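Undergrad: Could you have a look at this structure, given as structure tokens, before my questions?
The values are calculated or read from the model by the stated rules, or taken from the named source; none is laboratory data. This one's a predicted model, so the numbers in the text were calculated from it and none came from an experiment. Heads up, the Cβs are rebuilt from the backbone with ideal geometry, glycines too, and the neighbour counts pull from every protein chain shown.
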Amino acid sequence: MFFGISICYLKIREMKIGFIGLGKMGENMVLNLASKGHKLVVSNRSPEPIKKLSKKNVTAVYELKDMCSKLGGNKIIFIMVPEGKPVDSVLSVLKSDLSKGDIVVDGGNSYYEDSIRRYGELRKLGVSFMDLGVSGGLEGARHGASLMIGGDKSAFKKVEPIFRDLAEKDGYAYLGKSGAGHFVKIIHNGIEYGILEAYAEGFEVLDKSNYDLDYEAVSRVWKNGSVIRSWLIELAEKAFKKTDRLRKVPGVVGGGKTGMWAAKIAKKEGVEFVTLKHALSRRRESKKKQSFGTKFIATMRNMFGGHMIEKG
Ligand SMILES: NC(=O)c1ccc[n+]([C@@H]2O[C@H](COP(=O)([O-])OP(=O)(O)OC[C@H]3O[C@@H](n4cnc5c(N)ncnc54)[C@H](OP(=O)(O)O)[C@@H]3O)[C@@H](O)[C@H]2O)c1
């Protein structure tokens, strides 16, 4: 068994992986895989990231056609672009160069029903479409992410050595048929909204109190040994070290799409998901009224995902 796994592992390292979308996440995922010895052929809509990555240990090309011809048969191609039209437009260009046995993996935050539709469309060509939920922000993308995977089990088995190298130890799982990966990622994001909101409101109470508290110290003790320790608290400690009590941070919280999808799914399943609903309404309100809590969330989103801090 061990021998079988090793041969599969060697084979996957001999083949080239296609990668489309060299933004904040894509670039880091490419560098992560390249550092583990994978050969990659990468491409991007605009030229700058292609130029940048061609200086690293990867083959970077301007045309998707070129990418496909360099990959040969039984291609494995990752896509890391925004959900919706960008994914469809990449697929529509890619389609003419795909053939039976190829595997396409969408690692963006796509709506799971879109992924099921794309799975059906590509299946007609004999191509297996996989939906991959990626968590862990830019740090995870570069050094080991959490991967939620849906699609054909047979395709998963073929791509598994790549998923293993992309993920943190024990940080990937095949979760089921088409849509399962993106479905679980949407709910993950719904939980993330609630957790962020709870931390934000806790710090807001501390900030309103009469105590002259050092939030870096509070985060440090919460980070070490407490019941509420987490990566977010680690990031909070760094944030409070860098910025003087977030005073100069604008407190408008962006994003919200995956959270709204999670709320819609919860409603359909008859679950109230009150924490998420509340977090969504506070995010909406932040466009008009900012607080210490909304500054905290905007800062955290910037730290883990590189999301821009919007001005009020
Ligand atoms: N940031 C995070 O923490 C995080 C975590 C998990 C998942 N995700 C998901 O991962 C995906 C990428 O996120 P990101 O943070 O890397 O975003 P990003 O930095 O904005 O990069 C987006 C990438 O998609 C490309 N792109 C945009 N529109 C396109 C189109 N119409 N056709 C072709 N390519 C297009 C961009 O190309 P150009 O260079 O030409 O603009 C860029 O390479 C998104 O689905 C996001 O939701 C993000």
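Undergrad: Tell me, which helices (runs of 4 or more DSSP H) lie completely within region 212-312 with 3 or more residues that are under 18 Å from Gly190 (Cβ atoms)?
TA: Once the helices (runs of 4 or more DSSP H) in region 212-312 are filtered for at least 3 residues that are under 18 Å from Gly190 (Cβ atoms), what remains is 257-268, 274-285, 292-305.
Undergrad: Hey, among Lys70, Lys52, which residue is in a helix (DSSP H, G or I), under 23 Å from Gly126 (Cβ atoms) and among the charged types (D, E, K, R)?
TA: It is Lys70.
Undergrad: If Gly37 passes every condition in (1) surrounded by 14 or more Cβ atoms within 10 Å (Cβ to Cβ); (2) in contact (Cβ under 8 Å) with a residue 24 or more places away in the chain but one, which one does it miss?
TA: With respect to (1) surrounded by 14 or more Cβ atoms within 10 Å (Cβ to Cβ); (2) in contact (Cβ under 8 Å) with a residue 24 or more places away in the chain, Gly37 is out only on (1).
Undergrad: I've got another one for you. Within the group Lys158, Lys100, which residue is away from the ligand (no atom under 12 Å from the Cβ) and in a loop (DSSP other than H, G, I, E, B)? Step through it out loud before you land on a result.
TA: Working: Lys158 fails: in a loop (DSSP other than H, G, I, E, B).
Selected residue: Lys100, the only one of Lys158, Lys100 that is away from the ligand (no atom under 12 Å from the Cβ) and in a loop (DSSP other than H, G, I, E, B).
Undergrad: Checking the conditions here, which among Gly151, Gly107, Gly126, Gly137 is within 18 Å of the chain's Cα centre (by Cα), at pLDDT 95 or above and more than 10 Å from the ligand (Cβ to nearest atom)? Reasoning before the result, please.
TA: Values: Gly107 fails: more than 10 Å from the ligand (Cβ to nearest atom); Gly126 fails: within 18 Å of the chain's Cα centre (by Cα); Gly137 fails: more than 10 Å from the ligand (Cβ to nearest atom).
Residue meeting the stated conditions: Gly151.
Undergrad: Of the residues Ser135, Ser99, which is over 16 Å from Asn28 (Cβ atoms) and touching a Lys or Arg at 6+ places or on another chain (Cβ under 9 Å)?
TA: Answer to the selection: Ser99.
Undergrad: Test Gly202 against the stated conditions and say whether it is under 16 Å from Met300 (Cβ atoms) and surrounded by fewer than 20 Cβ atoms within 10 Å (Cβ to Cβ).
TA: On the way: under 16 Å from Met300 (Cβ atoms): yes; surrounded by fewer than 20 Cβ atoms within 10 Å (Cβ to Cβ): yes.
Yes: the conditions hold for Gly202.
Undergrad: Return the residues of region 20-41 that are near the ligand (Cβ under 10 Å from one of its atoms) and not in a loop (DSSP other than H, G, I, E, B); say none if nothing qualifies.
TA: Selection gives Ile20, Lys24, Met25, Gly26, Glu27, Asn28, Met29.
Undergrad: Could you tell me whether any residue of region 252-269 is closer than 22 Å to Lys24 by Cα and away from the ligand (no atom under 16 Å from the Cβ)?
TA: yes
Undergrad: Further question on the same structure: From the list Asp97, Asp88, Asp106, which residue is in contact with a Cys (Cβ under 6 Å, 6 or more places away or on another chain) and either among the basic types (Lys, Arg) or not assigned by TED's automatic domain parsing to the domain that holds Gly259 (or both)?
TA: Result: Asp97 is the single residue among Asp97, Asp88, Asp106 that is in contact with a Cys (Cβ under 6 Å, 6 or more places away or on another chain) and either among the basic types (Lys, Arg) or not assigned by TED's automatic domain parsing to the domain that holds Gly259 (or both).
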